[in-house]
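The values are calculated or read from the model by the stated rules, or taken from the named source; none is laboratory data. Since the model is a prediction, treat every value here as computed from it, not as a measurement. Cβ sites come from the backbone with ideal geometry, for glycine too, and all protein chains shown count toward neighbours. The area values use the complete protein model at the heavy-atom level, side chains included, leaving out ligands, DNA and RNA. Shrake-Rupley method; radii C 1.70, N 1.55, O 1.52, S 1.80 Å.
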Amino acid sequence: MNGKNILQRRIKILLIFFICALAASGLTAIPLQWELKIIMPLFGDGSIFGTLFPALADWLERINEGVQNGYGQYPFLAYGTDWLAFGHVAIAITFIGVLRDPVKNIWVVEFGMIACLLIIPWTLVFGAIRAIPFFWQVIDMSFGAFGIIPLWLIRRDILRISAEE
């Protein structure tokens, strides 16, 4: 394989990983009630994990209470997380264009990088407004911090291909 083929293959692998991770992170927002019923015995108050990390266990208990009560009484609230999932899947689909023509669609990668960077101020502002514990905000911000890595590598490789052409 020549250099261009190696770069194209690496771009494809990283893109498929990123597309799948982005779609999966959104789709997990749909079955929140079910997911919480599974994780609460493992991570909630009274669990081994809960005794090791009581602040996290308390936060998960609060989330569980809000989701179970809110979705139970007002199921239309779940519609918001359904749309969150849709947004993730729709954005993931835009990256298919990069698979088809990386050089022409580098703007999609740059858009994704900007979105990853914006997660940090977005989380800090709305996390504070919504009284989200800081440790949870760090978890949310990590999606941007880790998401930008494959996008940066993809952009670097696309620029190398572009320079060869």
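Quick notes
- Of the candidates GLY87, GLY3, the single residue that is at pLDDT below 95 and out of contact with any helix residue (DSSP H, G or I) (no Cβ under 6 Å at 6 or more places or on another chain) is GLY3.
- Scanning the range 40-60 for residues that are open to solvent by less than 50 Å² (accessible area, probe 1.4 Å) and in contact (Cβ under 8 Å) with a residue 12 or more places away in the chain yields MET40, GLY44, LEU56, ALA57, TRP59, LEU60.
- Subset of the range 21-39 (residues that are among the hydrophobic types (A, V, I, L, M, F, W, C) and either in contact (Cβ under 8 Å) with a residue 60 or more places away in the chain or in contact with a Pro (Cβ under 6 Å, 6 or more places away or on another chain) (or both)): ALA21, LEU22, ALA23, LEU27
- Tally of residues being without any contact (Cβ under 8 Å) to a residue 40 or more places away in the chain, open to solvent by less than 50 Å² (accessible area, probe 1.4 Å) and closer than 22 Å to ALA24 by Cα across the range 94-112: 2
- Matching entry among ILE139, ILE161, ILE119 (being farther than 30 Å from GLY3 by Cα, touching a residue at least 12 places away in the same chain (Cβ under 8 Å) and hydrophobic (A, V, I, L, M, F, W, C)): ILE119
- Residue-level analysis places ASP82 outside the set of residues that are under 22 Å from PHE135 (Cα atoms), of a type outside the set (Phe, Trp, Tyr) and open to solvent by 50 Å² or more (accessible area, probe 1.4 Å).
- Checking each residue in the range 144-161 for being open to solvent by 50 Å² or more (accessible area, probe 1.4 Å), over 10 Å from ILE11 (Cα atoms) and not hydrophobic (A, V, I, L, M, F, W, C) picks out only ARG160.
- Yes/no for ASP157 being of a type outside the set (A, V, I, L, M), farther than 28 Å from LEU36 by Cβ and part of a helix (DSSP H, G or I): yes
- Within the range 61-71, the only residue that satisfies the criterion of being open to solvent by less than 80 Å² (accessible area, probe 1.4 Å) and farther than 12 Å from LEU32 by Cα is GLU61.
- Which listed residue, of ILE91, ILE119, ILE132, is open to solvent by less than 60 Å² (accessible area, probe 1.4 Å), within 30 Å of LYS37 (Cβ to Cβ) and either in contact with a strand residue (DSSP E or B) (Cβ under 9 Å, 6 or more places away or on another chain) or in a helix (DSSP H, G or I) (or both): ILE119
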